[in-house]
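Worksheet for the structure shown next.
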Amino acid sequence: MINITARHFELTEELKSFIEDKTARLIHHFDRIRRIDVILNFTKRIYESEVIAKGPRHVTMVAHSAERNLVNTLDMVFEKMEKQLSREKNKIKGHHGKGFKSVLKDQKKTKLKDSNEFSQNDWY
């Protein structure tokens with residue numbers, strides 16, 4: 001679900017499709033996103049953009065950016081969000097370590113190698 005909010009200026013269809021393309025790219029990087037909120041604000045000749053992505057297990061990621069050019073602001077905020085999402089994806093992947101059985105197999109292999117080395121040295 002994608003929500004786009006524009007404060008103090010009109011949101012054009014072209015800008016809306018640009019934002020939807022960028023959010024689709026975020027979802028492509030991290031498919032566990034449940035909701036994305038894009039908030040655009042115009043105050044004192046500066047565009048502020050904020051992207052809030054909500055993921056699994058109550059994970060909320062927020063990225064902010066502010067510039068005079070709206071497109072540059074959006075590019076920066078989506079780049080920041082991509083970095084956060086890739087870090088979150090790596091955290092989730094990193095938690096799937098080796099299982100207990102594979103650790104035991106590795107220990108047995110090292111013991112066999114060690115015992116073979118000692119038995120060969122004893123014969124010489």
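The values are calculated or read from the model by the stated rules, or taken from the named source; none is laboratory data. Note that the structure is a prediction, hence the values are computed from the model and not measured. For neighbour counting, all protein chains shown are included, and Cβ atoms are generated from backbone atoms with ideal geometry for every residue, glycine included.
Data overview
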quantity: Which listed residue is touching a Ser or Thr at 6+ places or on another chain (Cβ under 7 Å) and buried (at least 16 other Cβ atoms within 10 Å of the Cβ), from L70, L74, L15; calculated: L74
quantity: Every pair of residues 6+ apart whose Cβ atoms lie under 8 Å, when the first sits in region 24-37 and is closer than 14 Å to M1 by Cβ while the second is exposed (fewer than 14 other Cβ atoms within 10 Å of the Cβ) and modelled with pLDDT of 90 or more; calculated: R35/N3; I36/N3; D37/N3; D37/T5
quantity: Count of region 48-77 residues which are hydrophobic (A, V, I, L, M, F, W, C), in a strand (DSSP E or B) and more than 20 Å from D31 (Cα to Cα); calculated: 1
quantity: Condition check for K89: of a type outside the set (D, E), in contact with a Phe, Trp or Tyr (Cβ under 7 Å, 6 or more places away or on another chain) and over 19 Å from N3 (Cα atoms); calculated: yes
quantity: Selection count, region 7-47, where residues are touching a Phe, Trp or Tyr at 6+ places or on another chain (Cβ under 8 Å) and part of a strand (DSSP E or B); calculated: 4
